[in-house]
1. Kindly indicate whether residue B:95 is in contact (Cβ under 8 Å) with a residue 40 or more places away in the chain, part of a helix (DSSP H, G or I) and closer than 20 Å to residue B:13 by Cα.
2. When you check residue A:148 against the structure, is it in a helix (DSSP H, G or I) and free of Cβ contacts under 8 Å to residues at least 24 places away in the same chain, yes or no?
3. Out of B:206, B:182, report the one residue that is out of contact with any strand residue (DSSP E or B) (no Cβ under 6 Å at 6 or more places or on another chain), at pLDDT below 95 and in a loop (DSSP other than H, G, I, E, B).
4. Check segment A:27-40 and report whether any residue there is over 14 Å from residue A:8 (Cβ atoms), modelled with pLDDT of 85 or more and surrounded by fewer than 17 Cβ atoms within 10 Å (Cβ to Cβ).
5. Condition first: assigned to a helix (DSSP H, G or I) and modelled with pLDDT under 95. Now tell me which residues in segment A:165-190 satisfy that.
6. Please work out which residue is surrounded by the fewest Cβ atoms within 10 Å (Cβ to Cβ), limiting yourself to segment B:144-161 and to residues that are more than 20 Å from the chain's Cα centre (by Cα) and assigned to a helix (DSSP H, G or I).
7. Considering (1) more than 21 Å from the chain's Cα centre (by Cα); (2) surrounded by fewer than 23 Cβ atoms within 10 Å (Cβ to Cβ); (3) within 14 Å of chain A (Cβ to nearest Cβ); (4) within 18 Å of residue B:222 (Cα to Cα), say which one residue B:182 fails and leave the rest.
């Protein structure tokens, strides 16, 4: 049994892991997890009933005992948390240096971004997606416009920080080459895009960076990985396991309030 | 000019960096940032910006920290021209640059992955709840003049309990330390966070003997004296209540803090 990756491509961290493995030709078995159906990763069967709710957003982590995706199984070794998985893959498969540079300062810059982004790009991007797509889907009605507006504003604040403090007009976050930082950043930004908010429209610097990242990863691969999330708006409530709907709804509402 | 570390020991991430640098004898200049005197959590209040109130302590390190740590004031590192924010990034940078003993961030890729996994999980879980105890019990009453909201505290403690349960069952289990028989960055990052509620009188170790044993091991591994020195401020945080807070600052921050409660 080789490397197994448990992924749901609706989830941003899963897409980062998927893209990284594929564009580096890392051989793995894709174990598809469908969170909306109440599926879980490989620990799903053993989990107590209380932990049944799945979800791909950081806010959801607070109520979800353990995030089940992405998850890696390599023989008897199992690992969760996307950043840990990405680094493990980079080290084990000795991927090109630019992904996680051996230069001390460049490496620190990648670490710095990956740490900062959790509460910021990831946090706010997810929140907007929840507000515009997931919660209305479960609640059967849209959220009050002020909630969506305020989530949009919060996202814009962190986008400004991203452009000014991290990107700073460079081709990529850590200089001239793509790294894990860019990959993680872009998959997160696709979440609010998938909710119908085209954040690249009025941000040319960001749009250019996006093009570069897509090219570095491979345009076709990038589109393929994002196909599901870009169709998320078409998901209807009946696709969600009924016993999860109410539970999801309550938890998600708590997170955006 | 050598390594400079901008730290306020009231802050958990700052403590982990301080302890790590000291226990590994990494030479650095301690740039003391006093978050509650010069600014609050890195945000210069509007009152001070308009020149209404000068910081009590002369030229402050928070300005230095502010210049280099563009996003948060502390912790921040300055190494010649190189500046760095974010606790995990700083810890990893120090461990690599100063070639600290392997157990802190093991070269074995599986053990290393387990440290990475913990550090990532910690952010969204322990770190999401433990700091709130201080906000609710000390800071909010201090700034808003309102008594501590006990239902909020209970909510936070429940969240924290859930995280602690996972911590014990999934990460610590029956091992001496998180990744096995030796201390690593994971234990250090965890312990400083869990001392925050202790500092404000929520002793989370009290009914958790396994956690208590682990804590003792961590204290010994870094050095008891150093551990207590690093935690002196937070363990005496009630002294904060005696700080004279500028009324304008209070007025400005009270609504912000009340929002944080939600």
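The values are calculated or read from the model by the stated rules, or taken from the named source; none is laboratory data. Every value quoted in this text rests on a predicted model; they were computed, and no experiment measured them. Heads up, the Cβs are rebuilt from the backbone with ideal geometry, glycines too, and the neighbour counts pull from every protein chain shown.
1. Values: in contact (Cβ under 8 Å) with a residue 40 or more places away in the chain: yes; part of a helix (DSSP H, G or I): yes; closer than 20 Å to residue B:13 by Cα: yes.
Yes, satisfied.
2. It is true that residue A:148 is in a helix (DSSP H, G or I) and free of Cβ contacts under 8 Å to residues at least 24 places away in the same chain.
3. It is B:206.
4. So the first thing to find is which residues in segment A:27-40 are over 14 Å from residue A:8 (Cβ atoms), and the list is A:27-29.
From the residues that got through so far, the ones that are modelled with pLDDT of 85 or more too are A:27-29.
Narrowing further to those that are surrounded by fewer than 17 Cβ atoms within 10 Å (Cβ to Cβ): A:27, A:29.
There is at least one residue in segment A:27-40 that is over 14 Å from residue A:8 (Cβ atoms), modelled with pLDDT of 85 or more and surrounded by fewer than 17 Cβ atoms within 10 Å (Cβ to Cβ).
5. Step one: filter segment A:165-190 for residues assigned to a helix (DSSP H, G or I), giving A:165-167, A:180-190.
Scanning segment A:165-190 gives a single hit, A:165.
6. Taking segment B:144-161 as the starting set, the residues that turn out to be more than 20 Å from the chain's Cα centre (by Cα) are B:144-152, B:154-155, B:158.
With the extra rule that they be assigned to a helix (DSSP H, G or I), the set shrinks to B:144, B:150-152, B:154-155, B:158.
Numbers: B:144: 17, B:150: 10, B:151: 7, B:152: 16, B:154: 11, B:155: 14, B:158: 11.
That would be B:151.
7. Condition not satisfied by residue B:182: (3).
Quick grid of which residues meet (1) in contact with a helix residue (DSSP H, G or I) (Cβ under 7 Å, 6 or more places away or on another chain); (2) modelled with pLDDT of 90 or more; (3) buried (at least 24 other Cβ atoms within 10 Å of the Cβ):
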{"residue": "A:108", "(1), (2), (3)": "yes, yes, yes"}
{"residue": "A:116", "(1), (2), (3)": "no, yes, no"}
{"residue": "A:120", "(1), (2), (3)": "yes, yes, no"}
{"residue": "A:134", "(1), (2), (3)": "yes, no, yes"}
{"residue": "A:137", "(1), (2), (3)": "yes, no, no"}
{"residue": "A:141", "(1), (2), (3)": "no, no, no"}
